[in-house]
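Engineer: Below are the structure tokens for one structure; questions will follow.
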């Protein structure tokens, strides 16, 4: 007679690769750097995706009427809404801002998540992607954690393929502070804008619909009527003044 199956407890959820304290320190610095970029975005509705529900990752959005804040829970989002990673319960074209805070790195389907955010953006809506910089020396902190860091170029290529207009990106976050005898990651150091060795980057893109781009109008040439050529009166006046100004011999 076969032995009865022993009762099994459900497996505990896997720990987030971003959950270690060294990684949280890197992320907190990056979140401080992007606070101003999120605060300047205005509109009726906004979506902020963050890895944690900590107060340190709650970005202020004073210019948004309603802000939906979600945090990652495995392959789902929880917070003010509970939904699958790539199935946001939001209507098409309803958001003025979508902020992805290190969401592509831990996503099971990064392209599907980006496409879902592009879907819910309104025309001229803003997409801000905060990502980890794979070229930074800080990648040693997450190299063996299972994270898949996207470079800014790879992120821009993916978003362009989804019909988004990429405006550009800048590097931010912790910087590498190296010396002859020691090297460390300076989380609270002086900000060096644009350094490709910093721990993170912020990419900005817009949703452009084909019918909203104004056409360039060609200038209309107005023919000058008959008579004296254009400027002839001005030339004659200049010649008269020049003759009057000649010295008397």
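Engineer: Which condition does residue 46 not pass, out of (1) farther than 20 Å from residue 142 by Cβ; (2) modelled with pLDDT under 95, if it passes all the others?
Structural biologist: Checking residue 46 against (1) farther than 20 Å from residue 142 by Cβ; (2) modelled with pLDDT under 95, the one that fails is (2).
Engineer: Looking at 105, 85, which is the one that is under 26 Å from residue 35 (Cβ atoms) and free of Cβ contacts under 8 Å to residues at least 40 places away in the same chain?
Structural biologist: Exactly one residue qualifies, and that residue is 85.
Engineer: Right, here's the next one. Please find, within segment 161-186, the residue that is modelled with the lowest pLDDT out of those that are assigned to a loop (DSSP other than H, G, I, E, B) and within 16 Å of residue 131 (Cα to Cα).
Structural biologist: 174
Engineer: Right, next: What is the one condition in (1) modelled with pLDDT of 95 or more; (2) surrounded by fewer than 23 Cβ atoms within 10 Å (Cβ to Cβ); (3) not in a helix (DSSP H, G or I) that residue 158 does not satisfy?
Structural biologist: Evaluating residue 158 over (1) modelled with pLDDT of 95 or more; (2) surrounded by fewer than 23 Cβ atoms within 10 Å (Cβ to Cβ); (3) not in a helix (DSSP H, G or I) leaves (3) as the failure.
Engineer: Then there's this: Considering 35, 91, which residue is surrounded by fewer than 17 Cβ atoms within 10 Å (Cβ to Cβ) and over 22 Å from residue 164 (Cβ atoms)?
Structural biologist: The match here is 35.
Engineer: Still on this structure: Of the residues in segment 76-93, how many are in a loop (DSSP other than H, G, I, E, B), under 13 Å from residue 113 (Cα atoms) and out of contact with any strand residue (DSSP E or B) (no Cβ under 7 Å at 6 or more places or on another chain)?
Structural biologist: Residues flagged as in a loop (DSSP other than H, G, I, E, B), under 13 Å from residue 113 (Cα atoms) and out of contact with any strand residue (DSSP E or B) (no Cβ under 7 Å at 6 or more places or on another chain) within segment 76-93 amount to 2.
Engineer: May I ask you to list pairs of residues, at least six apart or on different chains, whose Cβ atoms are under 6 Å apart, with the first in segment 33-57 being touching a residue at least 40 places away in the same chain (Cβ under 8 Å) and the second being surrounded by 17 or more Cβ atoms within 10 Å (Cβ to Cβ) and in a helix (DSSP H, G or I)?
Structural biologist: 50/57; 57/31
Engineer: Would you check if there is a residue in segment 125-136 being more than 17 Å from the chain's Cα centre (by Cα) and modelled with pLDDT under 95?
Structural biologist: Checking segment 125-136: at least one residue is more than 17 Å from the chain's Cα centre (by Cα) and modelled with pLDDT under 95.
Engineer: If you check residue 96 against the conditions, is it out of contact with any helix residue (DSSP H, G or I) (no Cβ under 8 Å at 6 or more places or on another chain), touching a residue at least 12 places away in the same chain (Cβ under 8 Å) and in a loop (DSSP other than H, G, I, E, B)?
Structural biologist: So residue 96 fails the test.
Engineer: Does residue 111 satisfy being in a loop (DSSP other than H, G, I, E, B), within 19 Å of the chain's Cα centre (by Cα) and under 21 Å from residue 150 (Cβ atoms)?
Structural biologist: no
Engineer: Now for a different question. All but one of (1) at negative phi; (2) within 18 Å of the chain's Cα centre (by Cα) hold for residue 43, so report the exception by its number.
Structural biologist: For residue 43, the failing item is (1).
The values are calculated or read from the model by the stated rules, or taken from the named source; none is laboratory data. Everything quoted here is computed from the prediction, not taken from an experiment. Every residue, glycine as well, gets a Cβ built from its backbone with ideal geometry; the counts of neighbours run over all protein chains shown.
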